[in-house]
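K.L.:
One structure, pasted below without further comment.
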Amino acid sequence: MLRSLLSRLSRRAVERLVAEGIRAETAGRFVEACDRYQQALKIMPGHAPAYLNLGIALEGAGDARAARQAYLSTLEVDPGNPYAHFNLGKLLHAAGNDAEAARQLQAALERKPDFTDARVVLASVLEAQADAEGATEMLRRAVQERPDYAGAWFNYALLLQRLDRIAEAEAAMRRTLELWPERADVWLRQAELLKLLQRLPESEAALRRTLALDARLSGAYRLLASILLDQLRTEEALQVLVAGREFDSDGYTRACELFMLNFDTGISTEALFERHKAFGADVESRHQPFTTFAGSRDPERKLRIGYLSGDFRAHPVGWAFLPLAEHHDRARHDVYCYSLFAAADDVTRSIGRSITQWHDVTPLSTEQLANVIHADRIDILVDLSGYAGISPMDVLASRPAPVQASWLGYLSTSGMTRVDYRITDAFADPAGDAERFHTEKLLRLPHSQWCYRPPATAEPAAEPPCARNGFFTFGSFNQAAKLSPTSRRLWAEILQRTPGSKLLLLGVPPGPATELLMQEFSERGIAPNRIAIEPRRQLEDYFKTLRSVDLALDTMPYSGGTTTCDILWMGTPVVTMRGERSVSRSAASILSVLGREAWIASSPQDYVERAVALTRDSAARRGLREAMQASPLMDEARFARDMEALYRQMWRAWCQTVNS
C-alpha cells in the first residue's frame, strides 16, 4: 500500500513538473522548461512524455543534438510514439540526413495514419530526395485530410509550380489565400502564377493587393513592372520601379530598372550608359573584392571556366549555352556551372552531364557564393545573366575570379569595372563605336556571338504562305514588351503601303495589350480583320506558326536575337533596322553573318521601304534553312574553339599583367 501511495505521489509530482514545463515552454522560457522536464525524469526516468517534451524544449533552446537524444530516449521507453518519430524526422531533415528522416516520418505515419503534419514534412524530405511525384502525392493527401491546412496548401502550390503544373498550382494558391487572406507573400506568389497563365489583369490586381498589405516587398514592385511592360505600359512600369527603390536593399529593383530602360525609346544611349555606370559603381562600393588567387599564373595551362546564370534551362540562354558546354575541349578546360535557378529541366540535365561540376547555388548568400567560386579556383568567370534575369552583380563585384566577363544574357554593359570583358561580335558592336558605351573591354568573336541549335523539329513551309492564302502576311514574334510605339507606327505604315496584307502578332497576352494594339491600328486606318493577335504558344506550335508568315518584322529599339534565328530557321525572311544600342543590333548581327545585309535598314523610312520591297521578292525565302545550316551560326564546334581562343587571350593578358 505504501509503495502504491509513493508511486501515485511520484506520478503526480511528475505530471505537475511536466505541466509547469509546458507552461514555461509556451511562454518561450525554454531553459526553465528543460529544468522542469529533467526534474521529472529524475523522479521517473522512464516517463516518455517528459522525454518528448524535453526534446521539444531543447529544440526551442537551440540544442538540436540534445533534442535528438531526448527523442531517441522517448522511443526507447515508448517505441510506438508517433510524435517522437515525427520530431526526430524533422530534426534529421533539418540536418540534411533525409534518408533517416524519411524512415522516421514513415514510422510516424504507420503508427498514426492521420498524422497530417508528418505527411507535410515527409513531402519536403521526398522533394529533397528528388522524388517530386512522391512529395506531390503526400501533399495532395495532406490537404485532402485537412482542407483547412493553409501551410499544406501553400507547399502544395509551390511544388506544383516547380513541376510546371501551373493551372493546378494557381488553384492551390487560391485556396491558400482563402485561408490566409492577409498574407502579402502568398498574394505575391499568386501573382506569379497568374502571370505564367497570361492572366495579366488578375496578376496586376493581386500585386496591388500585395503592396497594400506590405509595401516593403521589393519583389512585388519588380513583378508588377514586368506585367505592366508586357501590357505595353512602359512608362508606368518604370514609375513602379522608381517607387520600389525605397525598399531595394539588395539592388535588384534598380537592376530591373536598368533592364527595362532598354525597351524605352525616351532615354538616350548616353543617358542609359551613365545609369549603368552609376549603378555599377554603387554595387562595387559595397563589396570588397578578392585580391589573391590560388591558381598557377602559367598562361598556357589548363583553365577553369565558370559560368554564372539563372537560365541554365529551356530558355534562349540555356539553348545557346548547351552546344558550347558540349563542345568545350575538356583536355584544356574544366567547366563549372553555378545555377541561380533551382528548377531543372531536360536542358539543365544535358548541361550538367556535359561539364566538370554543377552547383545549385540558390540556397547561398552572395558572400557564400563568391567564396565557393573562389575556393573552386575559377580562372575566368562568365556571367550569362546581367540585368536581364536573376542579377549576379553582387557576386561579380566581389571578384571571386581573377578574370571576369559577360556573354549573351545581357547585351549591354554591366557598368562595372570588375567585369573585365564583354564578349560580342563586330556586327552587334562595331569597333570604334560601341566602346564608348561600355565599361568593359569588348572582345569580338570572329564570326558571331550567337550559337544556334533549334529546340524544335518542325520543317519549313514548302511554299510561301501568300501562295496558299492569296494575301501577304507580316508577322512579329518577339515578346510583347519589345513592341514599342516606334515599331507599331512603322508596321501600320507598312500595312498602309501594302493593301490587302495582314499582320500576325504572336506572344501578346490577352487583355489590355491586345485591346491597345487593336485600337492603335484602327486609329491609323488599318481594318481589324487585317490584324491577328495571339498569346504565347507552346514550343512546337510556336515553330509551326513561324512558317505561316511571309516576312517577319523586327522590333526596335530592342531587337530580336534567338527569335530571329528561330524565324530564319523556319525559312521566313526578317527585316530589321540597325540601331545605336547593342540590343538594337541583334537581328542585324545575325543577318550579316547569314549574308542577308539587304534585309537590314539604316533608318525608319528605309525599314518601311525594305519591308515593302520584300513583298515583291519571291526568291527571298529560297534556301534560308540551308544557309542557316551552313553558316557559323550553327557550327557548334567552331563556335567553341572561337570562344576558347578568347578565353586564352584573356588569360594570357592577365598572366602578363600579374607576372610583370
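K.L.:
I'd like to check something: does the stretch 238-246 contain any residue that is touching a residue at least 24 places away in the same chain (Cβ under 8 Å) and not in a helix (DSSP H, G or I)? Can you show your working first?
P.N.:
Taking the stretch 238-246 as the starting set, the residues that turn out to be touching a residue at least 24 places away in the same chain (Cβ under 8 Å) are 238, 244.
Right, trim to not in a helix (DSSP H, G or I) and you get none.
For the stretch 238-246, residues touching a residue at least 24 places away in the same chain (Cβ under 8 Å) and not in a helix (DSSP H, G or I): absent.
K.L.:
Just to be sure I understand, how many residues within the stretch 314-341 are in a helix (DSSP H, G or I) and within 20 Å of L411 (Cα to Cα)?
P.N.:
Initially, the stretch 314-341 is screened for residues in a helix (DSSP H, G or I), giving 316-327.
Filter once more, so that each one left must be within 20 Å of L411 (Cα to Cα): 316-324.
Going through the stretch 314-341 one residue at a time, the tally reaches 9.
K.L.:
Can you tell me which residue within the stretch 450-464, out of those that are touching a Phe, Trp or Tyr at 6+ places or on another chain (Cβ under 7 Å) and within 15 Å of T564 (Cα to Cα), is surrounded by the most Cβ atoms within 10 Å (Cβ to Cβ)?
P.N.:
Per the stated criteria, the residue is C451.
K.L.:
Something else: Just wondering, is there one or more residues in the stretch 584-599 that are among the aromatic types (F, W, Y) and either at positive phi or outside the structural domain of I494 (by TED's automatic domain parsing) (or both)?
P.N.:
Taking the stretch 584-599 and keeping what is among the aromatic types (F, W, Y), we get 599.
Filter again for either at positive phi or outside the structural domain of I494 (by TED's automatic domain parsing) (or both), leaving none.
No; the residues of the stretch 584-599 include none that is among the aromatic types (F, W, Y) and either at positive phi or outside the structural domain of I494 (by TED's automatic domain parsing) (or both).
K.L.:
Checking Q538 against (1) in contact (Cβ under 8 Å) with a residue 24 or more places away in the chain; (2) closer than 23 Å to W319 by Cβ: exactly one of these is not met. Which one?
P.N.:
Every listed condition holds for Q538 apart from (1).
K.L.:
Here's a check for you: in the stretch 176-191, which residue that is buried (at least 20 other Cβ atoms within 10 Å of the Cβ) and not hydrophobic (A, V, I, L, M, F, W, C) is farthest from R245 (Cα to Cα)?
P.N.:
The initial filter retains those residues of the stretch 176-191 that are buried (at least 20 other Cβ atoms within 10 Å of the Cβ), namely 176-177, 186-191.
Still in the running and not hydrophobic (A, V, I, L, M, F, W, C): 176, 189-190.
On the way: T176: 29, R189: 21, Q190: 23 Å.
The extreme case among them is T176.
K.L.:
Still on this structure: Can you spot a residue in the stretch 364-372 that is more than 20 Å from E644 (Cβ to Cβ), within 15 Å of the chain's Cα centre (by Cα) and not in a helix (DSSP H, G or I)? Write out each step before concluding.
P.N.:
So the first thing to find is which residues in the stretch 364-372 are more than 20 Å from E644 (Cβ to Cβ), and the list is 364-372.
If we keep only those that are within 15 Å of the chain's Cα centre (by Cα) too, we end up with none.
Checked the stretch 364-372: no residue is more than 20 Å from E644 (Cβ to Cβ), within 15 Å of the chain's Cα centre (by Cα) and not in a helix (DSSP H, G or I).
K.L.:
Name the one entry in D298, D264, D311 that is loosely packed, with under 14 Cβ neighbours inside 10 Å, touching a residue at least 24 places away in the same chain (Cβ under 8 Å) and either among the acidic types (D, E) or assigned by TED's automatic domain parsing to the domain that holds A397 (or both).
P.N.:
Working: D264 fails: loosely packed, with under 14 Cβ neighbours inside 10 Å; D311 fails: loosely packed, with under 14 Cβ neighbours inside 10 Å.
The unique qualifying residue is D298.
K.L.:
For E204, are the conditions met, namely being in contact with a helix residue (DSSP H, G or I) (Cβ under 6 Å, 6 or more places away or on another chain), under 22 Å from E515 (Cα atoms) and either surrounded by fewer than 21 Cβ atoms within 10 Å (Cβ to Cβ) or at pLDDT below 95 (or both)? Spell out how you get there, then give the answer.
P.N.:
Numbers: in contact with a helix residue (DSSP H, G or I) (Cβ under 6 Å, 6 or more places away or on another chain): yes; under 22 Å from E515 (Cα atoms): yes; either surrounded by fewer than 21 Cβ atoms within 10 Å (Cβ to Cβ) or at pLDDT below 95 (or both): no.
Judged against the criteria, E204 is not a match.
K.L.:
Let me ask something additional. Listed residues P509, P485; which is exposed (fewer than 14 other Cβ atoms within 10 Å of the Cβ), within 23 Å of E236 (Cα to Cα) and within 29 Å of the chain's Cα centre (by Cα)?
P.N.:
Values: P509 fails: exposed (fewer than 14 other Cβ atoms within 10 Å of the Cβ).
Every option except P485 fails the conditions.
K.L.:
Name every residue in the stretch 39-63 that is in contact with a helix residue (DSSP H, G or I) (Cβ under 9 Å, 6 or more places away or on another chain) and either surrounded by fewer than 16 Cβ atoms within 10 Å (Cβ to Cβ) or not in a helix (DSSP H, G or I) (or both), in order of residue number.
P.N.:
So the first thing to find is which residues in the stretch 39-63 are in contact with a helix residue (DSSP H, G or I) (Cβ under 9 Å, 6 or more places away or on another chain), and the list is 39-41, 43-63.
Hits for the stretch 39-63 are I43, M44, P45, G46, H47, A61, G62, D63.
K.L.:
Only one of these conditions is not met by D376: (1) buried (at least 18 other Cβ atoms within 10 Å of the Cβ); (2) within 21 Å of the chain's Cα centre (by Cα); (3) of a type in the set (D, E). Which number is it?
P.N.:
Looking at each condition in turn, D376 falls short on (2).
K.L.:
Among the residues of the stretch 562-577, are any of a type in the set (F, W, Y) and without any contact (Cβ under 8 Å) to a residue 60 or more places away in the chain?
P.N.:
Our first condition is that a residue be of a type in the set (F, W, Y); within the stretch 562-577, this holds for 569.
This time we only want the ones that are without any contact (Cβ under 8 Å) to a residue 60 or more places away in the chain, so: none.
No: zero hits.
K.L.:
Here's something else I'd like to know. Could you say which residue among A588, A619 is buried (at least 20 other Cβ atoms within 10 Å of the Cβ) and out of contact with any helix residue (DSSP H, G or I) (no Cβ under 8 Å at 6 or more places or on another chain)?
P.N.:
Values: A619 fails: buried (at least 20 other Cβ atoms within 10 Å of the Cβ).
The match here is A588.
K.L.:
Something else about it: Give me the pairs: first residue in the stretch 160-188 and under 21 Å from L126 (Cα atoms) and in a loop (DSSP other than H, G, I, E, B), second residue modelled with pLDDT of 95 or more and not charged (D, E, K, R), beta-carbon distance under 8 Å, and six or more apart or on different chains, which are they?
P.N.:
Here the result reads L163/T136, each pair linking the stretch 160-188 to a residue that is modelled with pLDDT of 95 or more and not charged (D, E, K, R).
K.L.:
Which of the numbered conditions does A613 fail, given that it passes all the others? Conditions: (1) among the aliphatic types (A, V, I, L, M); (2) in a helix (DSSP H, G or I); (3) touching a residue at least 60 places away in the same chain (Cβ under 8 Å); (4) under 24 Å from R497 (Cβ atoms).
P.N.:
(3)
The values are calculated or read from the model by the stated rules, or taken from the named source; none is laboratory data. All of these numbers come straight from a predicted model, not from anything done at the bench. Ideal geometry is used to build each Cβ from the backbone, glycine not excepted, and the neighbour counts take in all protein chains shown.
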